[in-house]
Amino acid sequence: MKKQFLFITAFLFAINSFSQSEKYTKAMEQLVPAVDTTTSVDGLNNLANSFQRIADAEKSQWLPYYYAAFANVNAAYMMSMGQMGMADKTDPLADKAEGLLNKAAELSKDNSEIYCVKKMIASLRLIGDPQNRYMTYGPAAEEALAKAKSLSPANPRVTLLEAQDKLFTPEQFGGSKTEAKKLFEEAIKKYETFKPETSIHPSWGLQQAKHFLSEIK
């Protein structure tokens, strides 16, 4: 009887765990596509909050924390609209994103995708006050991107970020539209063969790469 009871208990636990896992996946699948299509500050803030609610409920999953961080970073970039020296507005979102990403990193060590967002946060802090922060956050951004690349050379988001750096960095500091174009083309090729681990793992960036490539004359 005791063995039968233990078997039934284990079976019910497994069913409940599967149900919770399925619920989590469905909730994420409803949000993940918006990562690539949301372009307003309010929309990105709402998206970040939605991912954070899932993260708070699923504390053992790294992806909700990752996406919440990513959405906060993009909201800050959108808020600045490419302008430098807006640290008073972008730093609070960078702080929030960093806290969320640290939680993702605790759950998933040596993750190329996490280091990509870490690079984005460092770059965000840099453009917030470039004159005073270049020596700190310039190397931090480069280090994070290099780590992301070493962990997964085939990751198209690494190449996309490399291309953006080349495009938006002034030529006197190492920027080059010619090199940026080659990198965007390389990123697109990588996207064509890249396969996310699951339906909710990172796949963002292809349309962004195509857009930037079309803008280079």
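The values are calculated or read from the model by the stated rules, or taken from the named source; none is laboratory data. Worth saying up front: this structure is predicted, and the values here are computed from it rather than measured. For neighbour counting, all protein chains shown are included, and Cβ atoms are generated from backbone atoms with ideal geometry for every residue, glycine included.
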When you go through P139, P202 one by one, which is the residue that is touching a Pro at 6+ places or on another chain (Cβ under 8 Å) and modelled with pLDDT of 95 or more? P202
Among the residues of region 174-189, is any touching a residue at least 12 places away in the same chain (Cβ under 8 Å), over 28 Å from M28 (Cα atoms) and in contact with an Asp or Glu (Cβ under 7 Å, 6 or more places away or on another chain)? yes
